[in-house]
Amino acid sequence: MAAGLMPGIVADRRSLRKVLIERRLALPADAWDGHCRRVCALLQAGFPQLSGMRVGFCWPFRKEPDLRPLIESWADEGRPGFAALLPVVIDENRALAFRAWSPDTVMVIDQYGIPTPAAGDFLIPQALLIPVNGFDAAGHRIGYGGGYFDRTLSSLSPRPLAIGVGFELARLDSIHPEPHDQRLDAMVTEDGIFFPSPGAAMARPAAGPVAA
């Protein structure tokens, strides 16, 4: 369990989410920036195939990892097939839709206060870089409680590659998953790339250090 969290809090996701978000918001600006750079470097080194795929990511909200420098570097490579996508909330009870994004995209603020593309065709992501408020060794995550990414992952066929992005301060022994919780295929923090292994800690693949 993350340091400082009482066992009773784990049973209450709302309280747990609040504690974890507050912990992330308390990160000093220089530490947050360093963590973001490290996460981007690890994604770039560990998942080179993403530079030729339709990749959904999220606008950095409440000090979530800022992936925009990495996304822009992939766009600058100009590999066929690459597209950066941002989620669009169509309805509270539906899966997310996705529109293409570039630094020149006209944006609007959605009902959650998050910038999203104002217009454009809806595209189907091949990979999703999903922010986490909490995550565990089995590959489960805690988001904001709306279930959007769970519905999205369960509704798309083929299922996109689902990579969680976050910081080590969000690591938990278990989130006590519910039946609807969709597992991540991998998790990236400033400490490395981890793959889910039920009953054991997420194991880092054998690889050398990556420069931030």
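Summing +1 for each Lys or Arg and -1 for each Asp or Glu among the other residues whose beta-carbon sits under 12 angstrom from that of residue 102 gives -1. Quick check on the chain: of the DSSP beta bridges with both residues there, what percent are antiparallel, nearest 5%? The answer is about 50 percent antiparallel.
Distance between the C-alpha centres of the range 34-66 and the range 152-181: 16 Å, rounded to the whole angstrom.
Rounded to the nearest 500, the 222 nm mean residue ellipticity of the chain from helices alone is -7500 deg cm²/dmol, with -39,500 (n - 2.57) taken per DSSP H run of at least 4 residues.
Considering only 160, 35, 15, the residue lying farthest towards the positive end of the dipole of the chain is 15, judged by Cα position with unit charges set on Cβ. If you wrap the tightest convex hull around every Cα atom of the chain and split its volume per residue, you get 131 Å³. The label point for residue 119 and the one for residue 12, both projected 7 Å from the Cα toward the Cβ, are 4.7 nm apart.
Dividing the mean sequence gap of close Cα pairs (under 8 Å, 6+ apart) by how many residues the chain holds gives a relative contact order of 23 percent. Roughly to the nearest percent, how much of the accessible area of the range 33-194 is carbon and sulfur, given a 1.4 Å probe? Answer for the range 33-194: carbon and sulfur cover 51 percent of the accessible area. Taking the Cα centre of the chain as reference, the dipole from Cβ charges on Lys and Arg (+1) and Asp and Glu (-1) amounts to some 240 debye. Of the residues 85, 51, 95, the one whose Cα sits farthest toward the positive end of the charge dipole of the chain, with +1 on the Cβ of Lys and Arg and -1 on the Cβ of Asp and Glu, is 95.
The values are calculated or read from the model by the stated rules, or taken from the named source; none is laboratory data. A quick note: this is a predicted structure, and the numbers were derived from the prediction, not measured. Using ideal geometry, Cβ is built from the backbone for each residue, glycine included, and neighbour counts are taken over all protein chains shown. Note: accessible area is taken over every heavy atom of the protein model, side chains too, but ligands, DNA and RNA are not part of it. Shrake-Rupley method; radii C 1.70, N 1.55, O 1.52, S 1.80 Å.
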